[in-house]
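Below is one structure, written out as structure tokens; comments come after it.
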Amino acid sequence: MSKDIKDPTSGFSTYVATLCGRLGIPQDYGLQRNLPLQPECPQPVSIGKDLFDREQFLAEDAAGAWLNLQKAASKDGIELQVVSAYRPVEYQAGIVQRKLDAGIAIDDILKVSAAPGFSEHHSGRALDLTTPGFEVLEEEFELSLAFAWLLNHAHEFGFRLSYPRDNPHGVAYEPWHWYWQDRSI
């Protein structure tokens, strides 16, 4: 695929629509869910290894905010671990395709996974987090001291919980998913 196809100024929405069409995702998915397109971060920077020893990346400003948040949490005795960060559109499409191949209906997939092109992970500003002693990407994370710390302090570093219970996007509750919003915008 050529780089210009993924550039939001030259056909990104067409690329996403074509990709979603191949996966059986409704054309009006973004409108139905009130989710904007999330163009890919052009130059993600390393934030180190995740829980599974894979190198992870974020947009440069988000990376700095994350490292400051993680350091502050550590000072308070809270260990935050990265499960996932930046993901390209094609990677998200692969997640959806693997679930389809496993026989899961697209409507069920879209309750727990954003459609390619609409995941905050594409922006390089989203993190999935955990802490020792808790299963990754499970609601039980909300019972952790780490989650309580994030609720009280993440906003100080520009992070917000994207998908609280009963969110307007129809996305399952994700206490582990945090998004950095540039406060200068």
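Descriptive notes on the structure:
- In region 35-50, the residues that are loosely packed, with under 13 Cβ neighbours inside 10 Å reach residues that are in a loop (DSSP other than H, G, I, E, B) with C-beta atoms within less than 9 angstrom, at least six apart or across chains, in these pairs: PRO36/PHE118; PRO42/ASP7; PRO42/ALA59; PRO42/GLY124; GLN43/ALA59; GLN43/GLY124.
- Leading residue by the ranking (surrounded by the most Cβ atoms within 10 Å (Cβ to Cβ)) among those in region 51-61 that are assigned to a loop (DSSP other than H, G, I, E, B) and out of contact with any Gly (no Cβ under 8 Å at 6 or more places or on another chain): LEU51
- Within region 62-171, helices (runs of 4 or more DSSP H) holding 2 or more residues that are closer than 21 Å to ASP50 by Cβ and touching a Lys or Arg at 6+ places or on another chain (Cβ under 9 Å): 89-101
- Taking the criterion of being without any contact (Cβ under 8 Å) to a residue 40 or more places away in the chain and surrounded by 12 or more Cβ atoms within 10 Å (Cβ to Cβ), the only residue of region 23-34 that qualifies is PRO26.
- Residue that is small (Gly, Ala, Ser), modelled with pLDDT of 95 or more and under 11 Å from the mean Cα position of the chain (by Cα), where the choices are ALA102, ALA148, ALA126: ALA126
- Filtering LEU127, LEU137 for residues that are farther than 20 Å from PRO39 by Cβ and in contact (Cβ under 8 Å) with a residue 40 or more places away in the chain leaves a single hit, LEU137.
- Within region 65-74, restricting attention to residues that are surrounded by fewer than 16 Cβ atoms within 10 Å (Cβ to Cβ) and free of Cβ contacts under 8 Å to residues at least 60 places away in the same chain, the residue that is nearest to the chain's Cα centre (by Cα) is LEU67.
- Complete set of residues in region 65-84 that are in contact with a Phe, Trp or Tyr (Cβ under 6 Å, 6 or more places away or on another chain) and not β-branched (Val, Ile, Thr): ALA65, ASN68, LEU69, ALA73
The values are calculated or read from the model by the stated rules, or taken from the named source; none is laboratory data. The structure presented is a predicted model; accordingly, all values stated were derived computationally and were not measured. Neighbour counts run over all protein chains shown; Cβ positions are idealised from the backbone, glycine included.
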